[in-house]
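Quick notes on the structure that follows.
What follows draws every value from the coordinates through simple rules; no lab data is involved. No experiment lies behind these values; they were computed from the predicted model shown. Counting neighbours? That spans all protein chains shown, and the Cβs are built from the backbone with ideal geometry, glycine included.
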Amino acid sequence: MIETYYDIITKIENFVDGLMIVDENGLIKYNKQFAKGPFQIDEKQSLGKTPMEVFPNLTEETSTCYRALKYGETTKNQLQTLNHNGVEITVLDTTFPVIEKGKVIGAVSTTRFMETSLTNDFIDLSTMTSSHKTDFYEISDIMGSSEGIQLLKYKIHKVSKTSSSVLIYGETGTGKELVAQSIHSSSSRRSSRFISQNCAAIPHTLLESIFFGTTKGIYTGAENKPGIFELADGGTIFLDEINSMDLSMQAKLLKAIEEKKVTRIGSSESKKIDVRIIAAVNENPLDCINSNKMRKDLYYRLSSLQIKVPPLRERKTDIPELLDHFIKIFNSEIDINITGVSDEVYDIFKRYDWPGNIREFRNTVESAMNFATSETIEKQDLPETLLNKEISRSHASGYGYGNLNEAVAKFEKDFILSRSKDIKSLSELAERLDISKQSLNYKLKKYSLNL
């Protein structure tokens, strides 16, 4: 039980502004705020609730505690907006799953308010609670040996040796943050801070203060507070989904990148900063420009170093390695012993296009392993949503076959079988099919049908 680790976990209280502990069901067991902020958390009223109930702006996908429980994810220095009783605050969030004997038994979330977060770089909770890896992703964490992945690793290695800005583009779920962290951890900045900001998760009216900071009194409730450019000085900022950012904000971002200095809102004093920018978009950058989602000048400033993260459908030769990797992870977390998948399941994995990419593949494997009744994952263990998509895709693409001849052969064989029910002779079947008996005999032999 997570309560077993309270004495260890709470030793960090003096180093953070807020500490939350949830159990394996996502229910809050401990929730304290140590620094004065725009709102105060009532610990007693929050116990037994979920983080989404205490902070109603959070969802299961944006709650770092929920993601730690469901996916085993570790979040490090991620900006998150919390809304409590109608008051909003932006904090630096670090959340770890707590693992005991390979099973996630809870999660620990620490928060630091922006104005007090300069004191420490990060807090490594997992070294106190489990052997779960907490350092940033490295190139070696990128699974696969396909040509596309080998090229990706090569590019990461090359760009990590410079301080130039990088533009990563890839579909949702391909692992763009993994790439960004790998660049940071392979660079000379790896001992400095890495801050991740999803630009789509924050209202554009708040981004300027989050980026550049504020001065006290500039608006009601404003305090002297550094932005993420000051916080990450000497390190790296990862701006995900930059194409969702307001164009006027993109202009201000470009100015900060080019001048290498920032000015807090309400101040006339500029501060020099040394920050590497890694930005990411979830669609082709040129499409972003053509659809007016991204400024040309910002694109040109970032695009000197571009890295494309290939979708899973373009690297299906990596599926065996990815499958073994995830089976190993979930065997440990779920405490079961799955050895592999059936040939039928493997064929489905190879045919399916994986629109959700690695994230969808990982979740599919986890779901199937939870429902498996033997050591091998069978078709009936797969999520119905995937099977339904596979059926629809198969019908739309010739039953999943690679060319017209294969698709026609599959249709002919199934059609003959569908018309063969309750026949008394091959002559009757030929008549039903409206072909000659000679043609029927040829097709029966061709498709190895014994009727």
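Under 1.5 on a/c is rounded, so check that first for segment 206-289, then, if it is not, pick prolate when a/b is larger than b/c and oblate when it is not; a ≥ b ≥ c are the square roots of the alpha carbon gyration tensor eigenvalues. It would help to have the intermediate numbers written out before the result.
Values: a/c = 2.22, a/b = 1.63, b/c = 1.36.
In terms of gyration-tensor shape, prolate.
Helix 176-185 versus the longest principal axis of the chain: what is the Cα-based angle in degrees, 0 to 90, to the nearest 10?
50 degrees
Starting with the fewest neighbours, write out THR174, THR64 ranked by other beta-carbon atoms found within 10 Å of each beta-carbon.
Details: THR174 26, THR64 23.
Taking fewest neighbouring Cβ atoms as first place, the list is THR64, THR174.
Angle, helix 319-334 long axis vs. longest principal axis of the chain, Cα atoms, 0 to 90°, nearest 10?
60 degrees
Taking 1 over the mean of 1/r across every pair of different Cα atoms in the chain, what Kirkwood radius in Å do you get?
25.0 Å
Please give the net charge around GLY340, taking every other residue with its beta carbon less than 9 angstrom from that of GLY340, where Lys and Arg add +1 and Asp and Glu add -1.
Neighbourhood net charge equals -2.
At most 10 other C-beta atoms within 10 Å and a DSSP loop state: those are the exposed GluC sites (Glu not before Pro) I care about. Give me the longest piece of the chain that has none.
Formally, the longest exposed-site-free interval is 62-268.
How much length is gained on full extension from VAL408 to MET52, taking 0.36 nm per residue of separation minus their Cα-Cα distance?
123.0 nm
Compute the relative contact order of segment 253-381 as a whole-number percentage, counting only Cα pairs closer than 8 Å that sit 6 or more residues apart in sequence.
It comes to 20 percent, rounded to a whole number.
Hey, could you pull the Cα Rg and Dmax for segment 139-308, both in Å?
When restricted to Cα atoms, segment 139-308 yields Rg and Dmax of 16.2, 55 Å.
If the label point is 7 Å along Cα→Cβ of ASP246, which residues in segment 170-204 have backbone nitrogen under 18 Å from it?
198-204
Would you please classify the overall shape of segment 173-245 from the alpha carbon gyration tensor, given that a ≥ b ≥ c denote the square roots of the eigenvalues, rounded means a/c under 1.5, and beyond that prolate means a/b larger than b/c while oblate covers the rest? Before the final figure, lay out each step's value.
On the way: a/c = 4.18, a/b = 1.53, b/c = 2.73.
In terms of gyration-tensor shape, oblate.
Give me the dipole magnitude in Debye, nearest 20, for the chain about the Cα centre, with unit charges on the beta carbon: positive for Lys and Arg, negative for Asp and Glu.
Dipole about the Cα centre, nearest 20: 1280 debye.
Select from PRO285, VAL87, GLN181 the residue farthest towards the positive end of the dipole of the chain; place +1 on Cβ of Lys and Arg, -1 on Cβ of Asp and Glu, and compute about the Cα centre.
Working it through, the farthest residue towards the positive pole turns out to be PRO285.
What is the distance, in nm, between label points placed 7 Å from the Cα along the Cα-to-Cβ direction at GLU258 and at ARG419?
So the two model labels end up 7.1 nm from each other.
With unit charges on the beta carbons (Lys and Arg positive, Asp and Glu negative) and the dipole taken about the Cα centre of segment 315-396, which residue among PHE330, ASN357, MET369 sits farthest to the positive side?
ASN357
For segment 172-260, run through the chymotrypsin sites (Phe, Trp or Tyr not before Pro) and keep only the ones in DSSP coil with at most 11 other Cβ atoms within 10 Å of their Cβ.
Here the sparse-neighbourhood loop sites are TYR219.
Kirkwood Rh and Cα-based Rg: tell me the resulting Rg over Rh for segment 404-446, rounded to two decimals.
Taking Rh as the inverse mean 1/r over Cα pairs, Rg/Rh reads 0.97.
Can you classify segment 21-109 as rounded, prolate or oblate using the Cα gyration tensor, where a ≥ b ≥ c are the square roots of its eigenvalues, rounded means a/c under 1.5, and otherwise it's prolate if a/b beats b/c and oblate if not?
Cα axes put segment 21-109 in the prolate bin.
Compute the distribution of all C-alpha to C-alpha distances in segment 315-396, in bins of 5 Å from 0, and list the percent of pairs in each, rounded to whole numbers.
Pairs per bin, as whole percents: 3, 15, 29, 28, 17, 6, 2, 0.
DSSP beta bridges in the chain, what fraction antiparallel, as a percent rounded to 5?
Bridges in the chain that DSSP calls antiparallel: roughly 65 percent.
Tell me, in nm to one decimal, what length is gained between ASN85 and PHE34 on full extension, where the rule is 0.36 nm per residue of separation less the Cα-Cα distance? Display every interim value, and only then the final one.
Values: separation 51, 0.36 × 51 = 18.36 nm, distance 1.83 nm.
Full-extension gain reported as 16.5 nm.
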